[in-house]
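The values are calculated or read from the model by the stated rules, or taken from the named source; none is laboratory data. Just so it is clear, the structure is predicted and the values come from calculations on it, not from any experiment. As a convention, Cβ positions derive from the backbone with ideal geometry for all residues, glycine included, and neighbour counts pool all protein chains shown. Surface accessibility is based on the protein's heavy atoms, side chains included, excluding ligands, DNA and RNA. Shrake-Rupley method; radii C 1.70, N 1.55, O 1.52, S 1.80 Å.
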Amino acid sequence: MYARPQLDDQASAALLHTALDLGVTFLDTAGVYGEGHNETLIGQTLATRRREAFLATKVGLVVDDLEAMALHRDGRPTHLRNAVEASLRRLRTDTVDLCYLHRIDPAVPLEDSWGALAEMVTEGKIGHLGLSDVRIQEADQAHRIHPVAAVQSELSLWSRLSLGNRAREEDTVGWCARNGAVFVPFAPLGRGFLTGTITPDTPFPPSDLRARHPRFTPPARVANLQIVTVLRTVAERHAATPAQVALAWILAQGQHIIPIPGTTRPTYLRDNIHAADLELTSQDLADLNNAPPATEDHS
């Protein structure tokens, strides 16, 4: 969710129940999402269905100003322990299945931050550990201390850095495959742009992060519609939607990849789920791989 409309907790809870009913089991959240509100909502909703969900959260970021989305990193062991405990209380669970270090704090040695989280695995409060937005050498360093079960980073048809297109050391998807970790792409639909529902004239309120994003200026949107055109072309071959093709392309990058598209609408939820049934041909993949890179407007 990129804008901040009036939150409807009842509708959000109903959507979570629908997701579980449809077989979605992997739920991703973080302590900073809504400054804890997202975790609280999930905890309330899962009160009678906790065993049906594999629950992931993140610690290591602190909200300074929620409206301005001002954050800072805090990887101190004491903070991480307190943050995990707070997440467990909000989520109403004794153990979180997967806990990410949301961002590495450059002021704290990684071995200290990762070691503190590893201690909580031993204590049974965390099932598995993950990293978010890291370089391969950082993942290697953490993996030597305690297994990295998952890496979360951005990956979509307009953000392909994690595939190592620019530099071998950025091949995070490959690193995960080689080390038995799951790769979890966030923003797999390009923050909504790859759904094909955003035009150069689509307005964004000031509270929407896309209003300040260099890929969402009107000129950048015009250029980036070339990517959507490719998605539409492939989608027409399969009677699918551009969003389903965008997700199917990600799933085609490896069996160890679990994208996490966000939505507030049951219709889009169902569409996203059916993307797993879409089998892209070699021609489809070639066309998608040859789609132009995303344009950013920094003027």
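Would you calculate a helix-derived [θ] at 222 nm for the chain, using -39,500 (n - 2.57) for each DSSP H run of n ≥ 4 and dividing by the full residue count, to the nearest 500? After summing the helix terms and dividing by the residues of the chain, the value is -12000 deg cm²/dmol.
Starting from the Cα gyration tensor of the stretch 57-145, take the square roots of the eigenvalues, sort them a ≥ b ≥ c, and report rounded, prolate or oblate (rounded when a/c is under 1.5, otherwise prolate if a/b is larger than b/c, else oblate). Oblate is the answer for the stretch 57-145, as a/c is 1.5 or above yet b/c matches or exceeds a/b.
Less than 5 angstrom separates the built amide H of Phe26 from those of Phe54, all sequence-distant by 5 or more or on a different chain.
Provide the per residue accessible area, probe 1.4 Å, for the chain, rounded to a whole number of square angstrom.
For the chain, the per-residue accessible area is 48 Å².
With the whole protein complex present, Asp94 retains an accessible surface near 130 Å², based on a 1.4 Å probe.
Can you tell me which of Ser282, Ser132, Ser156 moves the most in a GNM of the chain? Springs connect C-alpha atoms under 10 Å apart. Greatest mean-square fluctuation among the candidates belongs to Ser282. Mean-square fluctuation check for the chain, GNM, Cα pairs under 10 Å: which of Leu280, Leu155, Leu131 is largest? Comparing Leu280, Leu155, Leu131 in the GNM, the peak value goes to Leu280.
Rounded to the nearest 10 square angstrom, Arg210 shows an accessible area of 40 square angstrom against a 1.4 Å probe. Binning all Cα-Cα separations of the stretch 64-116 at 5 Å, short to long from zero, yields these whole-percent fractions: 4, 18, 24, 22, 20, 10, 1. Rounded to the nearest whole Hz, the Karplus-based 3J(HN,Hα) values (6.51 cos²θ - 1.76 cosθ + 1.60, θ = phi - 60°) of the stretch 95-106 follow the sequence 9, 9, 5, 9, 10, 8, 7, 4, 8, 6, 8, x, with x at glycine and proline.
Would you work out what percent of the accessible area of the chain, with all protein chains in place, is carbon or sulfur (probe 1.4 Å)? Roughly 50 percent, rounded to a whole number. Accessible-area rank, largest first, for Ile258, Ile42: Ile258, Ile42, with all protein chains present and a 1.4 angstrom probe. The GNM of the chain, with springs linking C-alpha atoms under 10 angstrom apart, assigns the highest mean-square fluctuation among Thr267, Thr229, Thr93 to Thr267.
Quick check: from the Cα gyration tensor, does the stretch 1-108 come out rounded (a/c under 1.5), prolate or oblate? Oblate is the answer for the stretch 1-108, as a/c is 1.5 or above yet b/c matches or exceeds a/b. Per residue, the convex hull around the alpha carbon atoms of the stretch 131-256 comes to 117 Å³.
For a quick protection proxy, order the peptides 78-84, 117-123 by their average other-Cβ count within 10 Å, most packed first.
Highest to lowest by the protection proxy: 78-84, 117-123.
Taking all protein chains as they are arranged and a probe of 1.4 Å, the heavy atoms of Asp201 leave approximately 140 Å² accessible to solvent.
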